[in-house]
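As structure tokens, the structure follows; a few thoughts come after it.
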Amino acid sequence: CYIELNKFGKASKYLNNAMRILQAKNKNLTDLQSKEKMNKELFEIFRSLGNVFIYSKDYNTAIKCYEKAIEHDAENYSAYFFLGTVYYAKKEYDKAISYLDEAYKRETNDIFLATVISKTYFELGNYEKMYEIYQKTSKETTSPQNKSDDQKWFLAYYEYLAAIALRYYKKDYKEAIEHYKKSIKAKRKAWTYSEIASTYDEMHDIKNEFK
């Protein structure tokens, strides 16, 4: 709740208290099932602490928190995802993609992840990998139905990135235009119209370019 209220100091205080209590309990556990449950709870706390430090732009501390989260649950994709977003924010795209790839190995049906990993490959100029993400991401993930406003924004940007992959890697201009149009339908942006126009220019379709 304090994170949602942007009161990061108070959020950090309560999370640290929870972490100390759980770590103390964890030392005395011998039952494997109980230890696994405790590790998952500690994962959630370290991940939440990482989110606090991301919001306050303390990226180095956020990285340490996410790394600790992974120590407690190495199969949960979200800590890898957030680590990738931190390195993306730091413009360290090679490091970002290494963590985003780990996240994507574990989860392929998250529109936020699909968009961020595509954008990172775009920053690296790797259109082939962008196309691979486009192929692997399910239709259910890219359906606008039952999506929040935040998800719809990411979906619009995902469609834009899919269009770039189709246009520059596959040279499939017609399909690229369809994805540009989906991006416009979700969120009208002048730069998307401009990209459609330049795609028609590559097709030597002056009539539609002018439109």
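The values are calculated or read from the model by the stated rules, or taken from the named source; none is laboratory data. Remember, predicted model here, so these are calculated numbers, not experimental data. For neighbour counting, all protein chains shown are included, and Cβ atoms are generated from backbone atoms with ideal geometry for every residue, glycine included. Heads up: the accessible areas ignore ligands, DNA and RNA and are worked out on the full protein's heavy atoms, side chains in. Shrake-Rupley method; radii C 1.70, N 1.55, O 1.52, S 1.80 Å.
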Here the relative contact order (percent) of the chain, from C-alpha pairs under 8 Å and at least 6 apart, is 11
The chain: radius of gyration over Cα atoms, expressed as a fraction of 2.2 N^0.38 Å = 1.22
With θ set to phi - 60°, apply the Karplus curve 6.51 cos²θ - 1.76 cosθ + 1.60 along the stretch 195-210 and write out the HN-Hα couplings as whole Hz, x wherever there is a Gly or Pro.
-> 5, 4, 4, 5, 5, 4, 4, 5, 8, 6, 9, 5, 4, 6, 4, 5
Could you give the size of the charge dipole of the chain about its Cα centre, using +1 on the Cβ of each K and R and -1 on the Cβ of each D and E, expressed in debye and rounded to the nearest 20?
-> 660
Once phi is turned into ³J(HN,Hα) by the Karplus curve 6.51 cos²θ - 1.76 cosθ + 1.60 with θ = phi - 60°, what whole-Hz value does each residue of the stretch 112-126 show in order, with x for glycine and proline?
-> 4, 5, 4, 6, 5, 5, 5, 5, 5, 4, 4, 4, 7, x, 9
Once all Cα-Cα distances of the stretch 72-161 are split into 10 Å bins that start at 0, what whole-number percent is in each one?
-> 18, 51, 28, 2
Could you calculate the contour length gain from residue 60 to residue 101, that is, 0.36 nm times the residue separation minus the distance between their Cα atoms, to one decimal place in nm?
-> 12.7 nm
Looking at this model, which pairs from 129/182; 7/185; 129/152; 129/181; 68/139 are more than 27 angstrom apart at the alpha-carbon?
-> 7/185; 68/139
For the stretch 78-171, what is the charge dipole size about the Cα centre, in debye to the nearest 20, if Lys and Arg each add +1 at the Cβ and Asp and Glu each add -1 at the Cβ?
-> 240
What shape does the stretch 37-124 have by the C-alpha gyration tensor, where a ≥ b ≥ c are the square roots of the eigenvalues, rounded means a/c under 1.5, and otherwise prolate means a/b greater than b/c and oblate the rest?
-> oblate
May I ask you to rank 20, 47, 167 by accessible area, largest first, using a 1.4 Å probe over the protein chains only?
-> 20, 47, 167
Sequence-separation-based contact order of the stretch 75-178, relative, with Cα cut under 8 Å and 6+ spacing, percent | 23
By the Cα gyration tensor axes a ≥ b ≥ c (a/c under 1.5 gives rounded; else a/b larger than b/c gives prolate, otherwise oblate), the shape of the stretch 109-211 is oblate
Per the charge dipole of the chain (beta-carbon charges, Lys/Arg positive, Asp/Glu negative, Cα centre), the residue among 84, 11, 197 reaching farthest to the positive end is 11
Provide the gained length on full extension for the span residue 140 to residue 36, in nm with one decimal, where the gain is 0.36 nm per separating residue minus the Cα-Cα distance.
-> 34.3 nm
Table column - 3J(HN,Hα) (Hz), the stretch 81-89, Karplus curve with 6.51, -1.76, 1.60, x for Gly and Pro = 4, 5, 4, x, 5, 5, 5, 5, 4
